[in-house]
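Taking it in order: structure first as structure tokens, then the write-up.
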Amino acid sequence: MSQPAEPKTSSVAALGAIVSGALILQIASTIVNTVVPLKMALEQKAPLLIGLVGSAYSVGFLAGCFVVPTFIRRVGHIRAFAVFAALQAVFTISFALTPLDIWGISRLGMGFAGAGHAICIESWISGQAKAGQRGRLFGFYQILNRLALIGSQIGVGYVSLQSHDIFLLASATFSIALIPVGMTRAKGPESGEVVSVRLNTMWQYAPASVIGCLYVGLMGGALTNIAPAYGILIGLDQAWAILLTAGIQIGALVLQWPLGLLADRVESRKIMLSATGSVVLCTLALGAVLWFSVPHTRFWLFGLFALIGAGAMPIYTVAVAHAYFRLGRERALGLSAQLLFLWAVGSAIGPLVAAAFMQAVGANGLLAYLGVLSAAAAAYLAFRLRRNPPSANPFGERKPVAPTIPDVSPSGRRSHAEGK
């Protein structure tokens, strides 16, 4: 067999293995993400503690972003994937063995391992996919990922709350994710040179992307980690609390692809402004529904939370597209790493701030948090649209560089200096 034919076969096999493993990981993670806040709310734990446990995951994720790339370069993608899956399985079992008050420690460890999986999966897909197919492949992967998330929330969520062995089930699912990756004969992508982008450069040339990624982290962290508990605190039963959380992801799924397509044709900041503005309107509508005790309240809650998910979550894709357009596609993985870092910062802060709102004004403080945050983001985006931005691609076109493992460095010390 000729040398050029090998990568083609290897790429198909490797992509099938990593995508299968990633979808199984998503199912396991969703079980834990849904059950932990619900069980804490049912045990009448303070909203601030629930938020603290939710933020612990993102803090661990941030730490992993700094440490994991070097580890993956040293041991390779397949071994790294196995190590992180084993860590996830162990930390998941620990929920059944420890008091609820110290669950934050386990979530911290799971966040660290989750960062390992995210970087491993993203760099693996980027390294194996052809350049002309990379964007579509990532979009398709995101759709499959969200379908797995919704299916596991609805299909497993009801059973999970009735079972004392749910964490054992989730731990086993993390272990099962090892099978497709461990059985592949394809090699993982080669680990090459790190090309990074300074955060101050991103702020100078693509501030809307910085705000967009922070916004999605701040919203997503609260919606993922607080919304299940919010449902219980406002009097919904367990089934509807789970449906409320699933509705957020269903709404995000519906608009994920259309907004991604629009980002290639319409000014990205206009899309983000419209989306954040719609979230403000939805939070006001939710407040009115609860204040006036509108008939069929549960259905209104489900529909409006779905619209919030549709407006808030897909903004990450639009922000990424805006950053690529402003700084150049040749820096794709360096940009991905920094945008992921910004999302993780927001995701770490969001649950704590949302929980503080709830602690201060009651359960519906979550709606106040979502509305104020969205209004602030919309105001900034409207301000940016009134200004004339710098040239679309300040660094000009360059020859594409080989895909690498993304490395996060807020100071950019490990990166090449921009513009050289």
(request) Describe numerically, in nm with one decimal, the distance between label points set 7 Å from Cα along Cα→Cβ at residue 281 and at residue 98. (result) 4.5
(request) Once you have the Cα-Cα distance between residue 290 and residue 48, take 0.36 nm times their residue separation minus that, and quote the gain in nm to one decimal. (result) 84.9 nm
(message) If R₀ is 22 angstrom, what is the calculated FRET efficiency for the pair residue 83 and residue 144, using the beta carbon separation as r and rounding to 0.05?
(response) 0.35
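Pop the C-beta distance of residue 90 and residue 257 into the FRET formula with R0 = 35 Å and round what comes out to the nearest 0.05.
Numbers: r = 36 Å, r/R0 = 1.03.
With R0 = 35 Å, the Cβ-Cβ based efficiency is 0.45.
Could you order 291, 103 by accessible surface area, starting with the largest, using a probe radius of 1.4 Å?
On the way: 291 200, 103 10 Å².
Largest accessible area first, the list is 291, 103.
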(message) Please compute the modelled spin-label separation between residue 105 and residue 237, points set 7 Å along Cα→Cβ, answer in nm with one decimal.
(response) 3.7
(request) Extending each Cα 7 Å along its Cβ direction at residue 204 and residue 165, get the distance between those two points in nm, one decimal. (result) 5.9
(request) Would you kindly state how much longer the chain becomes between residue 360 and residue 325 on full extension, computed as 0.36 nm times their sequence separation minus their alpha carbon distance, in nm to one decimal? (result) 8.4 nm
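The values are calculated or read from the model by the stated rules, or taken from the named source; none is laboratory data. None of the values given here were measured: they were computed from a predicted structure. Heads up, the Cβs are rebuilt from the backbone with ideal geometry, glycines too, and the neighbour counts pull from every protein chain shown. Side chains are part of the model used for accessible areas, which takes the heavy atoms of the whole protein and leaves out ligands, DNA and RNA. Shrake-Rupley method; radii C 1.70, N 1.55, O 1.52, S 1.80 Å.
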